[in-house]
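See below for the structure under consideration.
The values are calculated or read from the model by the stated rules, or taken from the named source; none is laboratory data. Computed from a predicted structure; not experimentally measured. Note that each Cβ is placed from the backbone with ideal geometry, even for glycine, and that neighbours are counted across all protein chains shown.
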Amino acid sequence: MTTFEKIQEIIVDQLDKEETEVQLSTNFREELEADSLDLFQIINDIEDEFDIKIESEEGLTTVEDLVKYVEGQIES
Amino acid sequence: MERVVITGLGAITPLGNSVAEFWDGLKNGRNGIGPLTKFDGEAINVHVAGEVRNFEAKKVMDRKLAKRMDPFSQYGVAAALEAVKDSEIDMDEIDADRMGVIVGSGIGGLNAMQDQIIKMHEKGLDRVAPFFVPMAIGNMVAGNISIATGAKGPNLSIVTACASGNNSIGEAYRNIKHGYADIMLAGGAEASINEIGMSGFAALNALSTNEDPNAASTPFDKNRHGFVMGEGAGVLVLESLSSALKRKAKIYAEITGYGATGDSFHMTAPSPDGSGAARAMKQAIKESGIEAADIDYINAHGTSTPANDSSETEAIKLALGDEAAASVAVSSTKSMTGHLLGGAGAIEAIASIKALQEGILPPTINLSTPDEACDLDYVSNQPREKAIQYALNNSLGFGGHNAVTCFKKWEDKE
């Protein structure tokens, strides 16, 4: 499973969306109607999945932002 | 002062996930207790439980809302939605500000607590889930019911251990009687069949250790030695008589009295003379404007612990007097459901109301060996057809909380 696929799965599960609705370019706050609680939980699930720490959700608006952030953390 | 009637019922129970299934089980003396499947209870010598089966929250409520709830909240919301549907309340026709919620829980979101405390230990303080607090806090069942139904009036939760559900009904009754609301969703919810919940009660020697689901919950039997943990929820729609008549609602029963007292005795043991529970029963009888002899049926707290069942028997004698106590029918439906803690008083209120409505008394099953300390008529093993006018519903909680509600058969006339 790629990083994108894992993150896609987390978002699909948390927001009760279809996979097709969660693509790299998707803005999860606006397009998926994620509220602040959802966002915190998605970040928490991503931290668990990849065993990383996301210090701030600032600048994270699209699925691609999340994928790049996670891959950057894993590499470092 | 307003008279208060019951116009809707909802239940998630070990006997089924609707009032129809629950009552069908009770009136046929069916046992809802089975093997404990949620975890291995061998180490604490616990083998059976009254588990809710085939419950899928996402099928009865908004999927996203369901995902954000601990099971205790899911059970409560599911029961509330059934009750509101049953009442045929049209939210566009009523004043939502005058429709409130009092639904309590003995413990609250214990599954969320257990999961997240384990996670905190394993992964660190900064890994606790953001949904932990909103899932765990015990008031969230009432909050979620308000969100799911649109009720915008008084919204609160009562925590009095195993009396939570019945105290909630009683306090909701007072809210309507004294004019603070027209409609109240009232009851209790619990989901404590997990490792920490069961281990805690096992440590108190409060749980039955019997391996046989048909011999584990044995209220008033000489060989009783503990309760069987159950789970689920019950919610009643309480409504002012004037509101119910105005919208031509179906009326199940009237709630005519409520008593609430504290033992002032011990954290977990009831006062042996039953005086605390007796005072609550007397209050409920007095508020109903009737005599002790008018009580036809008591749905007992009847947990199947040695201490409860004998002291509750004493309490009934103290409250009703020996003569009326000797003729009143008493049963413990916990023999068929196990003990739903904060949900118990609510589903047992439903049992009392259905008994009034249909003239069938649900039995105390598994009662084979009489105990000289429990010498009342417990409707042993077989349901009984009997037309009744007044029923008491007893709930007694750790902390010495005693809650008693009194219901009257609805005769289809004012």
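Overview of values
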{"read-out": "Single match in B:SER164, B:SER146 (criterion: in contact with an Asp or Glu (Cβ under 9 Å, 6 or more places away or on another chain), outside any loop (DSSP other than H, G, I, E, B) and more than 30 Å from A:ILE54 (Cα to Cα))", "value": "B:SER164"}
{"read-out": "Test set (1) more than 14 Å from chain A (Cβ to nearest Cβ); (2) over 19 Å from the mean Cα position of the chain (by Cα); (3) touching a residue at least 12 places away in the same chain (Cβ under 8 Å) - B:GLY108 fails condition number", "value": "(2)"}
{"read-out": "Wholly within chain A, helices (runs of 4 or more DSSP H) carrying at least 1 residues that are within 10 Å of the chain's Cα centre (by Cα), more than 12 Å from chain B (Cβ to nearest Cβ) and over 25 Å from B:PRO134 (Cα atoms)", "value": "A:3-15, A:63-75"}
{"read-out": "Enumeration of residues in segment B:371-414 that are touching a strand residue (DSSP E or B) at 6+ places or on another chain (Cβ under 6 Å), surrounded by fewer than 22 Cβ atoms within 10 Å (Cβ to Cβ) and of a type in the set (Phe, Trp, Tyr)", "value": "B:TRP410"}
{"read-out": "Options B:ARG98, B:ARG127: the member that is over 14 Å from B:LEU236 (Cα atoms) and touching a strand residue (DSSP E or B) at 6+ places or on another chain (Cβ under 8 Å)", "value": "B:ARG98"}
{"read-out": "Spans of helices (runs of 4 or more DSSP H) in segment B:1-83 with at least 2 residues more than 14 Å from chain A (Cβ to nearest Cβ) and modelled with pLDDT of 95 or more", "value": "B:19-27"}
{"read-out": "Condition check for B:SER217: outside any loop (DSSP other than H, G, I, E, B), touching a strand residue (DSSP E or B) at 6+ places or on another chain (Cβ under 7 Å) and in contact (Cβ under 8 Å) with a residue 40 or more places away in the chain", "value": "no"}
{"read-out": "Any chance A:ASP38 is of a type in the set (D, E, K, R) and either out of contact with any helix residue (DSSP H, G or I) (no Cβ under 9 Å at 6 or more places or on another chain) or within 23 Å of B:LYS59 (Cα to Cα) (or both)", "value": "yes"}
{"read-out": "Tally of residues being farther than 17 Å from B:ASN299 by Cβ and crowded, with 21+ Cβ neighbours inside 10 Å across segment B:17-30", "value": "1"}
{"read-out": "Residue within segment B:242-251 that is among the hydroxyl-bearing types (Ser, Thr, Tyr) and outside any helix (DSSP H, G or I) present", "value": "no"}
{"read-out": "Close pairs from segment B:352-365: first on the phi > 0 side of the Ramachandran plot and surrounded by fewer than 24 Cβ atoms within 10 Å (Cβ to Cβ), partner at pLDDT 95 or above and acidic (Asp, Glu), Cβ under 7 Å, at least 6 apart", "value": "B:GLY359/B:GLU385"}
{"read-out": "Filter result for the condition that a residue is in contact with a Pro (Cβ under 9 Å, 6 or more places away or on another chain), buried (at least 18 other Cβ atoms within 10 Å of the Cβ) and in contact (Cβ under 8 Å) with a residue 24 or more places away in the chain, over B:ALA181, B:ALA244, B:ALA186, B:ALA161", "value": "B:ALA181"}
{"read-out": "Residue list for segment B:115-151, restricted to those being on the phi > 0 side of the Ramachandran plot and more than 13 Å from chain A (Cβ to nearest Cβ)", "value": "B:GLY150"}
{"read-out": "Candidate set from segment B:206-216 (those that are small (Gly, Ala, Ser) and out of contact with any Gly (no Cβ under 6 Å at 6 or more places or on another chain)); member that is surrounded by the most Cβ atoms within 10 Å (Cβ to Cβ)", "value": "B:ALA216"}
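Condition check ((1) out of contact with any helix residue (DSSP H, G or I) (no Cβ under 8 Å at 6 or more places or on another chain); (2) buried (at least 24 other Cβ atoms within 10 Å of the Cβ); (3) of a type in the set (Val, Ile, Thr); (4) touching a residue at least 60 places away in the same chain (Cβ under 8 Å)) across all residues:
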| position | (1), (2), (3), (4) |
| --- | --- |
| B:THR303 | no, yes, yes, yes |
| B:ALA307 | yes, no, no, no |
| B:LEU318 | no, no, no, no |
| B:GLU323 | no, no, no, no |
| B:LYS334 | no, yes, no, yes |
| B:GLY343 | no, yes, no, yes |
| B:ALA346 | no, yes, no, yes |
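Quick grid of which residues meet (1) in contact with a Pro (Cβ under 7 Å, 6 or more places away or on another chain); (2) buried (at least 19 other Cβ atoms within 10 Å of the Cβ); (3) among the hydrophobic types (A, V, I, L, M, F, W, C):
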residue	(1), (2), (3)
A:GLU31	no, no, no
A:ALA34	no, yes, yes
A:LEU39	no, no, yes
A:ILE46	no, yes, yes
A:ILE52	no, no, yes
A:LEU66	no, yes, yes
A:GLU71	no, no, no
